[in-house]
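For reference, the structure discussed in these notes is given below.
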2 protein chains.
Amino acid sequence: MRASIIGVGKTRFGPTTYTLVQLLHQAITSALADAGLEARDLQAFVVANFLAGPNNSQLHLNAVVAGLMPGLHLPGWRAEAACASGGVALHQGLLALNEYDPVLVVGVEKLTGIPGADLTHNIGMAGDAGLDQAVGLTFPASYALVAQEHMRLYGTTVQDLERVALKNHTNARNNPKAHFHQKNVTEADIAQGPVVATPLRLYDCCPISDGAAAVILSREPVDNRSAQVLGSAVRTDAISLVQRETRTSFSAAVEAAHDAFRQADIGADDVDFAEVHDCFTIAEIIAMEDLGLAAPGEAVELLRAGETAPGGAIPINVSGGLKAGGHAIGATGIGQVCEVVKQLRREAGQGQIARADIGVTHNIGGVGGTAAIHVIGRG
Amino acid sequence: MRASIIGVGKTRFGPTTYTLVQLLHQAITSALADAGLEARDLQAFVVANFLAGPNNSQLHLNAVVAGLMPGLHLPGWRAEAACASGGVALHQGLLALNEYDPVLVVGVEKLTGIPGADLTHNIGMAGDAGLDQAVGLTFPASYALVAQEHMRLYGTTVQDLERVALKNHTNARNNPKAHFHQKNVTEADIAQGPVVATPLRLYDCCPISDGAAAVILSREPVDNRSAQVLGSAVRTDAISLVQRETRTSFSAAVEAAHDAFRQADIGADDVDFAEVHDCFTIAEIIAMEDLGLAAPGEAVELLRAGETAPGGAIPINVSGGLKAGGHAIGATGIGQVCEVVKQLRREAGQGQIARADIGVTHNIGGVGGTAAIHVIGRG
């Protein structure tokens, strides 16, 4: 599945007083302007969102987006796959290119400032109602089980998790769109974080962010700022950890990466950098292993050696990731693509890395129930 | 967009004690058996659902479906477009055929028997949170405004609405899968229905149903039981009636019908029968006009002449429609296709109509915010 990304737009991730509709509008107009297009040039759209129903009492978001483009009546629909909604929407947008060109893919989430919203309950809906929610297996608890098992099997340490947090908070300082762009987080801050679910502490957990992100896909590039989608794959798995054979790797991600790399005709060695789904610090380590950037249990060696920092051999989450860049759930998978395109175009300013010709995005729903992987190259 | 429908499966629509997951399982296994396939033969799936988040505390339904197919890890995602979720999912399944073959499209809704669920609030999420929900513009109220305007402009009468209800309840008696299959509804019952929102009374409103429906799509037919998708179109419009120029026609449906008929290379005269989105009786009348089966304001003439009955020139909702067949929201658009395929195959038993070579499905989200139209022919 090959195509061009001819425009990108992303709001700042983080708490805001903007509404769901305003965030959508900002990301869409920004991506259209970046592509040099107007809404009437579009032929279809996909809108990604996870929680607007339970959290904002607003479903039928494709009609909400249609209201922002009066009279156009475009084909359009909403994609939902928990925290992988954005990556899945991108895959759908690429499939839609077979009939429509260009296609807008926009993701949005508005989580903060909703009186009475029970975010723990709502986010829990990404887990099984019976097997997970009913027994209190929240997402921090699930990822804590994952971390415990990874530590037991491979000797991964609390200090390794702290290294992920420190790197990503440091990276976020160079990304003006990052949730924690303005927050100086030190080793001491991280070490003093209160326990959330052992071994995960405060700085092991990504924040809850508002935000939106959009891309414009087309069959052909417009100019050398257009990035190229070289591979796109989605895979699923049983929703609950208790239905899986292993907790230290997500089969959906392994298989999606294999498919996406095959499409792109690359090996893991060809990947210059990656934006991965570090909803918890342990998830970044597992993402690297699932992508084949390190053998199982060996990602921490690259981490300890500084090779995943912006100046290292394989920079991971230069944007700050979900951990410090923010997690605006339905927008996250599309926001990752915006960050990769920024690097490919050499437009990342203080955060620009030196070798950025092939980037990968890795977007996970739930505890590995969905994985969406994209390989993106320079125009 | 052409393809074959090589398998169909539909549960009975109506209140049940089966769970969301059990309903999914029943429809999927039924469609697979009908196609002579096993789950491992599938290459991708789409799951349509509207309210499992707010109503069942279960999002991430693609991972729930993946749990029913252990170890397969298929590409899959959820489609949501309010009451048009099913029709939109079918369109997505057809787009997915460019990469995957065969593709399962399944829709599900579990609305009854959920302690504490506020169905009026939840269903209201298909309307705008500010413009509709906040001012009490529920769906019966919105469609009442539509009916009032249609009556004012075209002289449509309360008796015309009653004719739709009586026809569809009569049709449901021949459909064992219909919500009101066992209910004998008379003219007197309908005339005595209490007012819901003037001019709509009880029998003008479809019921709330549980249910699931599935189809298997493939690029090529298997045998002469395979039906052919000849056209597939989705269009959107601003979510709220107050944002529209007209209330007596849905532009999204008019434009989707035009596109689907163009793809199929047919005119409205070539349509033998249609399953249309009669969430309220007035909606069936408008559907006929939006599809071009009658000029604006003239559908009632066909209705009064009995031409929309099973023995008439253009049978509408032979299944009982949403009105008496039931409205299992996320499953409805796919259930319509199952009903059309049943007719095309001459497998409709007592409900079989004589001329059934080209059928149309018309599936609406909200009050016309989304429309999905499919043209389906004999194999």
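Just so you know, all these numbers are worked out from the coordinates, no wet-lab data involved. No experiment lies behind these values; they were computed from the predicted model shown. Please note: Cβ atoms are built from the backbone with ideal geometry, for glycine as well, and neighbour counts cover all protein chains shown.
Residue pairs whose Cβ atoms lie under 8 Å apart, separated by 6 or more positions or on different chains, with the first residue in region A:223-251 and facing chain B (nearest Cβ under 9 Å) and the second part of a loop (DSSP other than H, G, I, E, B) and among the basic types (Lys, Arg), are A:Asp237/A:Arg244; A:Ala238/A:Arg244; A:Ser251/A:Arg244.
When residues in region B:126-176 are screened for being among the aromatic types (Phe, Trp, Tyr) and over 24 Å from the mean Cα position of the chain (by Cα), 1 of them pass. For region A:92-101, the condition holds for no residue, the condition being that it is under 27 Å from A:Ile286 (Cα atoms) and aromatic (Phe, Trp, Tyr).
Please determine whether any residue of region A:61-68 is under 15 Å from B:Arg78 (Cα atoms) and not aromatic (Phe, Trp, Tyr). Looking for residues that are under 15 Å from B:Arg78 (Cα atoms) and not aromatic (Phe, Trp, Tyr), one finds at least one in region A:61-68, hence yes.
May I ask you to verify whether B:Asp118 is within 13 Å of chain A (Cβ to nearest Cβ) and surrounded by 22 or more Cβ atoms within 10 Å (Cβ to Cβ)? Judged against the criteria, B:Asp118 is not a match. Taken over region B:246-264, the criterion of being closer than 25 Å to B:Arg2 by Cβ and β-branched (Val, Ile, Thr) is satisfied by B:Val254 alone.
Is there a residue being small (Gly, Ala, Ser), at negative phi and away from every other protein chain (no Cβ under 14 Å) anywhere in region B:363-373? Checking region B:363-373: not a single residue is small (Gly, Ala, Ser), at negative phi and away from every other protein chain (no Cβ under 14 Å). Based on what the data block shows, is B:Ala89 within 22 Å of A:Ala252 (Cβ to Cβ), more than 8 Å from chain A (Cβ to nearest Cβ) and in contact (Cβ under 8 Å) with a residue 24 or more places away in the chain? In short, yes.
From the set of residues in region A:125-153 that are of a type in the set (D, E, K, R) and part of a helix (DSSP H, G or I), which is nearest to A:Gly369 (Cα to Cα)? Restricting to residues being of a type in the set (D, E, K, R) and part of a helix (DSSP H, G or I), the top hit is A:Glu149.
Kindly indicate which of A:Ala134, A:Ala126, A:Ala141 is surrounded by 18 or more Cβ atoms within 10 Å (Cβ to Cβ) and within 11 Å of another protein chain (Cβ to nearest Cβ). Being surrounded by 18 or more Cβ atoms within 10 Å (Cβ to Cβ) and within 11 Å of another protein chain (Cβ to nearest Cβ) holds for just one of A:Ala134, A:Ala126, A:Ala141, which is A:Ala126.
So in region A:57-85, with the set limited to residues that are more than 7 Å from chain B (Cβ to nearest Cβ) and not in a loop (DSSP other than H, G, I, E, B), which one is surrounded by the most Cβ atoms within 10 Å (Cβ to Cβ)? Taking the candidates together, the pick is A:Ser85.
If I filter region B:208-217 for residues that are buried (at least 18 other Cβ atoms within 10 Å of the Cβ), touching a strand residue (DSSP E or B) at 6+ places or on another chain (Cβ under 7 Å) and acidic (Asp, Glu), do I get at least one hit? Yes, some residue in region B:208-217 is buried (at least 18 other Cβ atoms within 10 Å of the Cβ), touching a strand residue (DSSP E or B) at 6+ places or on another chain (Cβ under 7 Å) and acidic (Asp, Glu). State whether the residues of region B:284-294 include one that is more than 14 Å from every other protein chain (Cβ to nearest Cβ), farther than 22 Å from B:Ala197 by Cβ and touching a residue at least 60 places away in the same chain (Cβ under 8 Å). Checked against the condition, which is being more than 14 Å from every other protein chain (Cβ to nearest Cβ), farther than 22 Å from B:Ala197 by Cβ and touching a residue at least 60 places away in the same chain (Cβ under 8 Å), region B:284-294 yields at least one hit. Looking only at region B:336-364, residues that are touching a Leu at 6+ places or on another chain (Cβ under 9 Å) and of a type in the set (Gly, Ala, Ser) come to 2 in all. Candidates in region A:24-52 are the residues that are touching an Asp or Glu at 6+ places or on another chain (Cβ under 8 Å) and either within 14 Å of chain B (Cβ to nearest Cβ) or assigned to a strand (DSSP E or B) (or both); of these, the one that is nearest to B:Val88 (Cα to Cα) is A:Ala44.
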